[in-house]
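Computed from the coordinates by the stated procedures, all read-outs in this text should not be read as laboratory data. Model, not experiment: these values are computed from the prediction. Positions of Cβ are generated from backbone atoms using ideal geometry, with glycine treated the same way; all protein chains shown enter the neighbour counts.
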Amino acid sequence: MTVSPAMEPTSAIRTAQRRHYLMCRPEHFAVTYKINPWMDPEAGADAGLAVAQWEALRAAYVALGHQVSMIDPIPGLPDMVFAANGALVVGGRVYGASFTHAERKAEGPAYAAWLRDNGFPEVLEPVHTNEGEGDFLTLDGVILAGTGFRTDMAAHQEAQEFLGRPVVTLRLVDPRFYHLDTALFPLSGDNVAYYPGAFSPGSRAVLESLFPNALIAAEEDAAVLGLNAVCDGRNVVINAEAEGLIKTLDANGFSPVPVDLSELRKAGGGPKCCTLELRTA
Ligand code: ARG
């Protein structure tokens, strides 16, 4: 576990901001196909246990004071629980998702329709392949965008043009970390935590220059999807198995909120994957 130099002089004072999240109960969750190295259709997964773990995640958000909206799960879409992939919502505008794999294609229009009907009428149907907040992470001044496994680089340009925010491309190189949100999460509007081994040398250099005070996670934390975490500026909802990263967060003035999403990890997902942030600003 390496910890980079102290983040900020004021690292003990962290303020939580109330967030609005969209989630999808994993009633139809299953591992029936393999589109990432975490998935084993032979072993499958238990939807009942996944629902119980997911309910605890939802309860954690509510206990932290966040607003949680819910989209109805659709039979035949076992990965629909991973709401982060459904869209990118910034400044009240919705950049729709267009999935890489046929198995998940129908999720894009389902999320777009929900958002259109629930206060977000400005929806762009994308031309280019992108998996929403799985590969787009929004900070105050910049949107970080992953490519290499799922989201096409042309989608980075499409999102930048539609949202009017600078988008920085980061190249993912380890198939275990196939979405940007499996390797990096925003700690605040201007800092991040990440696992360097998931990125190409050039992208690592970009991250070092943009975030000199980033928290650096070890491989063992990344390997339990510890980087697939959700921070509200103070509280960090994170897989309980990411023990080293939890200690680092604690030492830097954050309040870790450990959750057990082991059943959803069998599909390659963690807390962040289950959570789409609806940003009006
Ligand atoms: N089985 C899903 C897939 O491979 C998991 C998606 C996880 N979502 C995420 N935001 N990383 O597409």
Legend entry - Residue (of N130, F162, G148) at the positive-pole extreme of the stretch 105-202, dipole from beta-carbon charges: G148
Inset, instruction - Kindly identify the chain as rounded, prolate or oblate by the Cα gyration tensor criterion: order the square roots of the eigenvalues as a ≥ b ≥ c, call it rounded if a/c is under 1.5, otherwise compare a/b with b/c, prolate if a/b is larger, else oblate. - result: rounded
Inset, instruction - List the relative contact order of the stretch 9-75 as a percent without decimals, with contacts defined as Cα pairs under 8 Å and 6+ residues apart. - result: 45 percent
Inset, instruction - Quick one: which residues, 5+ away or cross-chain, put their amide H under 5 Å from the amide H of I143? H built at 1.01 Å from N. - result: V167, V168
Legend entry - For the stretch 81-170, alpha-carbon Rg over 2.2 N^0.38 Å: 0.97
Inset, instruction - Could you tell me whether the stretch 138-268 comes out rounded, prolate or oblate from its Cα gyration tensor? Rule is a ≥ b ≥ c as square roots of the eigenvalues, rounded for a/c under 1.5, then prolate if a/b exceeds b/c, otherwise oblate. - result: prolate
Legend entry - Proximal lysines to K34, defined as alpha-carbon separation beneath 28 angstrom and excluding residues fewer than eight positions away on the same chain: K105, K266, K272
Legend entry - Calculated from backbone phi, Karplus (6.51, -1.76, 1.60) coupling profile of the stretch 59-67 in Hz, x at Gly/Pro: 4, 5, 4, 5, 5, 7, x, 7, 8
Legend entry - Inter-site label distance for T15 and Q67 at 7 Å from Cα along Cβ, in nm: 2.0 nm
Legend entry - Cα centroid separation, the stretch 104-126 to the stretch 41-93 (Å): 16 Å
Inset, instruction - Run the numbers on the chain and let me know its relative contact order in percent, using alpha-carbon pairs under 8 Å that are six or more apart. - result: 24 percent
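Among bridges DSSP assigns within the chain, what percent are antiparallel (round to 5)? Intermediate results must be reported in sequence, preceding the final value.
Values: 16 of 35 bridges.
Of all bridge pairs located within the chain, approximately 45 percent are antiparallel.
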Legend entry - Within-11-Å neighbourhood charge of R104 [Cβ basis; K, R +1; D, E -1]: -2
Legend entry - Exposure rule at most 15 other beta-carbon atoms within 10 Å, DSSP loop GluC sites (Glu not before Pro): the chain longest free segment: 123-281
Legend entry - Label-point separation, A52 to T280 (7 Å along Cα→Cβ), nm: 3.7 nm
Inset, instruction - Starting from the Cα gyration tensor of the stretch 24-118, take the square roots of the eigenvalues, sort them a ≥ b ≥ c, and report rounded, prolate or oblate (rounded when a/c is under 1.5, otherwise prolate if a/b is larger than b/c, else oblate). - result: oblate
